[in-house]
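Below is one structure, written out as structure tokens; comments come after it.
The values are calculated or read from the model by the stated rules, or taken from the named source; none is laboratory data. In this text, all values refer to a predicted model and were calculated from it rather than measured experimentally. Cβ coordinates were reconstructed from backbone atoms using ideal geometry, including for glycine residues, and neighbour counts include every protein chain displayed. Accessible surface is based on the protein model in full, side chains and every heavy atom, while ligands, DNA and RNA are left aside. Shrake-Rupley method; radii C 1.70, N 1.55, O 1.52, S 1.80 Å.
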Amino acid sequence: MNIPNILTLARIIFIPLLVIFFYLPYGWSLPLAAGLFALASVTDWLDGYLARRWDQSTPFGAFLDPVADKLMVAVALALLIERYDAVWLTLPALVIIGREIVISALREWMAEMGKRGTVAVSWIGKLKTTLQMIALLLLLAFTPGALMAQIGVVTLYVSALLTLWSMIQYLRAAWPHLSRAM
């Protein structure tokens, strides 16, 4: 077990804590939940950086890192869907969750075909992830209607649009392989 893998496991451990903090009936609970989400976002970047820098990439880390990321984002989105209880927040949340499922399945399928590099992470995917994390941080930290929460909603929509754009790019890159398999 190396430090990058420990950081990835910590993100998974943060998930139930995020839920608990989110539902605590205290004024400090939302900033605490948002802070935990921010810490998880930083560890997402840090574990990959350290794994590359220290040459500590492992098959376990390569598997668990995207799982931890997707779980944290999906749980945060589910909490926000409940809090807002509005179609205008549910729609981009479902686009983001749906895209993650599609791309995860696509990457797995392409890896089985030995073509994993065909669906590598692009700069659009990195920008999407950054905006998504900012949006979720703002939406977790501030109550609906607050100016910062409204900025979070706008950022979530931009992230959802980039999510669709990156999904289209991934599907286009994989299409020659997909079409042959049909």
Take the alpha carbon atoms of segment 47-100, find their center, do the same for segment 145-166, and report the distance between the two centers in whole angstrom. 16 Å
With the alpha-carbon atoms as the only input, what is the per residue convex hull volume for segment 80-182 in Å³? 94 Å³
Once you have all Cα-Cα distances for segment 19-110, histogram them in 10 Å bins from zero and send the whole-percent values. 14, 36, 34, 14, 2
Of all accessible surface on segment 5-107 at a 1.4 Å probe, what whole percent is carbon and sulfur? 75 percent
Helix check for the chain. Which DSSP H runs span at least 24 Å along their own axis by Cα, with a mean Kyte-Doolittle hydropathy no less than 1.0? 3-23, 59-84, 87-112, 123-141
When N counts the residues of the chain, how does its alpha-carbon radius of gyration compare numerically with 2.2 N^0.38 Å, as a ratio? 1.07
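Taking Cα atoms of segment 38-88, Rg/Rh with Kirkwood Rh, to two decimals? Could you put the intermediate results ahead of the total?
Numbers: Rg = 14.5 Å, Rh = 12.5 Å.
Here the Rg-to-Rh quotient is 1.16.
Where does the longest stretch of the chain lie that holds no chymotrypsin sites (Phe, Trp or Tyr not before Pro) found in a DSSP loop with 13 or fewer other Cβ atoms within 10 Å?
On the way: sites that count: TYR26, TRP28, TRP54.
After excluding every exposed loop site, the longest remaining stretch is 55-182.
Accessible area per residue for the chain in Å², computed with a 1.4 Å probe and the full protein assembly in place, what is it?
With all protein chains present, the chain gives 54 Å² per residue.
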